[in-house]
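Engineer: Here's a structure for you.
Each reported figure results from applying straightforward, stated rules to the coordinates on display, with no laboratory input. This one's a predicted model, so the numbers in the text were calculated from it and none came from an experiment. Heads up, the Cβs are rebuilt from the backbone with ideal geometry, glycines too, and the neighbour counts pull from every protein chain shown.
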Amino acid sequence: MTIGYDRAPGFIEDRKGFDMGKKQKIKNLLENEIERYLRIPFYLMIILILVNGCMYAVDRKAGAVATGGLVIYLIAAIYIYYKRRPRIMTDLMAFSFAHGSIQSELIKELAVPYTLVNANGRVLWCNKAFYQALKSDKQHMRKHIQNIFTDITLELLQMEPEDNGQRVVHIYQADRNYRVDIRRVSVAELVSNNITENVQDNEVLYAIYLYDETELMEAVEDKERIKLVAGQIYIDNYEEVMDATEEVRRALLAALIDRKITKYMQSARAIIKKLEKDKYIFVLQQQQLELLQEGKFSLLDEVRSINIGNETPVTLSIAVGVDPDNDDYTVAYEYSHMAMDMALGRGGDQAVIKKGDKIIYYGGKTQSSEKNTRVKARVKAHALKELLANKDQVLIMGHRNPDIDCLGSAIGIYRLATNMEKKAHIVINEVTSSIRPAMNNFMGSSVYPEDMFYSSEQALGAVDPNTVLIVVDVNRPSITECPELLAHTKNIVVIDHHRQSGEVVSNALLSYVEPYASSACEMVAEILQYSMDKPKLRPAEADAMYAGMLVDTDNFVTKTGVRTFEAASFLRKCGADMIRVRKAYRVDMESFKHLSQGVGRAEIFMDCFAISDVPAEDGVDSPNVVAAKVANELLDVENVRASFVLTKIDDLVYVSARSIDDINVQVIMEKFGGGGHGTVAGVQLPDTTVEEVKEQLKSVLRTMWDEGDF
């Protein structure tokens, strides 16, 4: 059966029969109601007769007069009932049907598209505007609402009590945007409108109204497109580039950089202003920002390609702030500051867009260069010392499954706190094979207190207002040893060398995150030199910190700079023994066999990526550590630009990613929810298998290669 105010030819006879039956039903109802009203004078006769009887008891003459009047009243009532009744009935019936027809016609001509469906989604009736909205031939209209609007499902019709019989949804149909208002109604409310068919009086129907909001949506989109966003541009290594350029060429280099930046932003119709020699601020429309995103901020590559004799390539950090909820440009500007902090915290040479809680990254292909100046390290060291001076207790926490860099940096902070005569404790829940050699030098030793190491429960119980929590070797709250500790502590310090992601410790009083550093131990070694008058470590402490640097730099091969070797020299002066460290961190034969097997199982993907896996078999204490070593070994294979080694422990698949210089594995791991450095990164994936992760990894590598991200 088709739907509509005009029915298909095959439906006319059925409709006529239905209309006649319905009109007869309405007629019977009206006749019964009118009949009750016309009989009222006869009911009143009973009262009048009783009154007449009472009057006879008082006065016979008065009773006789009342009886005469009563007879006249009865004759008039009988006359009206039998003589005038048909005419009254006819006039009232005509008015009723005329009134119903007018209502029905008004609903048919209603400008708002309107239809009725039953609980099964079958369309029962619709008005003219409904057809006009869909531009459909009524004779070929299907009769189920989901065949007309695929987004209006039976689940939408099944409303919950809290919906109060009404639900609003937004759909897209026939190149138009509609707001759909669904209301539950009963048949009894619609009988007088003469618009229902073949339904029971107690059946529930659904009225559906369509409101075309296409123009409104287009206006909102236009407003969004022309909304202004705020941005900043920093030249990451201005001083270093100028120092590495001949003096006669510096003015030309600065002019070329300025021209590249200005021309690029003017092509996006942006207003740009140079604030300092290495800082710019700009404002542009949202639609122009989308074009810059499509080009993946090619300005980064254009500026990096400038070469007029400068030995160091120029890199930029671009930050854009967008307020998605309001047109408050002050908020957008604040967002741009947050985005710039994020870009610099990740090593620069990238664009970061902060749109509300959403953060988008572009670039970040090159490795951050080491800063020769130690000004920042000295400032952070003095700030940390002042903060500790006013507190009584220090808790030191790293990341879950701590490695030797995490432990070594924690040991360095522990020594700083104890030298300042503060109670200090290191939070560690599990001693893995990677830190066991160092832990053996502290646990059970008469030199160190028994409460040197705390579990998470002990740390939570020891927190008080005079406690400082120092987080080392991690800046993501979710992967710390005890995330709950961050919520219970007001005084938080973060010291880390990993590039920042969208998840950061937001309430830190002091944050020292430097991606250029080789390790957290290197950063702590510098802090110790500026915080202590005569910095001195015990040999076991120096060994732990030296081992942390050794592991994170892959034996001083990766991410090493002048400051790395200066920190190693400081540790060597404090008693670190390279031979002792090397002996302590040798692998056992079973792990070495698994390492060799991991190298042997490797496959070369796309001629430059090595992918392998290490089975988590019995006899291997820390398969993830073995996987990291396999990844380092695979970088020694010719033409391998990056390596990825997987292993599964319990319900987690660990991925260790390594590269030499030109592939940023952190960006790759971030697509899986992980992170790290440009050359050292990783991720932990739950509820999956090694083979599934391999296929996902290959897909990501192939996509990034096609999009030119490498």
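Engineer: Which percent of Cα pairs goes in each bin when the distances of the stretch 375-584 are cut into 5 angstrom slices starting at zero?
Structural biologist: Whole-percent P(r) values from 0 Å outward: 1, 8, 17, 22, 22, 17, 9, 3, 0.
Engineer: Please list log₁₀ I(q)/I(0) at q = 0.13, 0.17 Å⁻¹ for the stretch 236-363, using the Debye equation with identical point scatterers on the alpha-carbon positions.
Structural biologist: Here log10 of I(q) over I(0) equals -0.53, -0.88.
Engineer: While we're looking at this one, here's another question. List VAL474, VAL599, VAL65, VAL645 from most exposed to least, where exposure is judged by having the fewest other Cβ atoms within 10 Å. Intermediate values should be presented prior to the final figure.
Structural biologist: Values: VAL474 24, VAL599 20, VAL65 13, VAL645 31.
So the ranking, lowest neighbour count to highest, is VAL65, VAL599, VAL474, VAL645.
Engineer: Please rank CYS406, CYS521, CYS574, fewest neighbouring Cβ atoms within 10 Å first, as an exposure proxy.
Structural biologist: Ranking CYS406, CYS521, CYS574 by Cβ neighbours within 10 Å, fewest first, gives CYS574, CYS406, CYS521.
Engineer: Something else now. What's the whole-number percent of alpha carbon pairs in the stretch 599-710 lying beyond 17 angstrom?
Structural biologist: 48 percent
Engineer: When the gyration tensor of the stretch 526-674 is built from Cα positions, what are the square roots of 5 times its three eigenvalues, in whole Å, from largest to smallest? Working shown, then result.
Structural biologist: Details: eigenvalues 195, 72, 39 Å².
Ellipsoid half-lengths, sorted descending, are 31, 19, 14 Å.
Engineer: What FRET efficiency comes out for the pair ASN177/ARG122, r = Cβ-Cβ distance, R0 = 30 Å, nearest 0.05?
Structural biologist: Efficiency, rounded to the nearest 0.05: 0.70.
Engineer: Let me ask another. How big is Rg to Rh over the stretch 450-499, alpha-carbon atoms, Rh as the Kirkwood inverse-mean-distance radius? Walk me through the intermediate numbers first.
Structural biologist: Numbers: Rg = 11.1 Å, Rh = 11.6 Å.
Checking Rg against Rh, the ratio lands at 0.96.
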